[in-house]
1. Name the residues in the stretch 35-62 that are free of Cβ contacts under 8 Å to residues at least 12 places away in the same chain and of a type in the set (A, V, I, L, M, F, W, C), would you?
2. If I filter the stretch 19-62 down to residues being in a loop (DSSP other than H, G, I, E, B), among the basic types (Lys, Arg) and within 11 Å of the chain's Cα centre (by Cα), which single residue comes out as modelled with the lowest pLDDT?
Amino acid sequence: MAFDTQSRDYRIRFFGGNVQNKDDFKRGEYACIKDIPKNKRLNCAGMLLYDGWQIKDDYPWK
């Protein structure tokens, strides 16, 4: 996650680009999936935030 302070746009941006829907957290180099190294699963926090800090059934480690 990162904040874009240069443009004064303080929305949260996640690794790998803009998030259009929940499936975007499961794509790319920092995806929230079990098949990639643990140190690259950075979008799992974004997925939890997107779900209102609830671990839903589609979370990979439920």
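The values are calculated or read from the model by the stated rules, or taken from the named source; none is laboratory data. Note that this is a predicted model, so its numbers are computed, not measured. Positions of Cβ are backbone-derived with ideal geometry, glycine not excepted, and every protein chain shown enters the neighbour counts.
1. Within the stretch 35-62, the subset free of Cβ contacts under 8 Å to residues at least 12 places away in the same chain is 35-41, 48, 52-57, 62.
Residues satisfying the conditions are 36, 48, 53, 55.
2. So the first thing to find is which residues in the stretch 19-62 are in a loop (DSSP other than H, G, I, E, B), and the list is 19-21, 27-37, 41-42, 51-62.
Restricting the remaining residues to those that are among the basic types (Lys, Arg) gives 27, 34, 41, 56, 62.
Imposing the further condition that a residue be within 11 Å of the chain's Cα centre (by Cα) reduces the set to 27, 41.
On the way: 27: 86, 41: 89.
Looking at residues that are in a loop (DSSP other than H, G, I, E, B), among the basic types (Lys, Arg) and within 11 Å of the chain's Cα centre (by Cα), I get 27.
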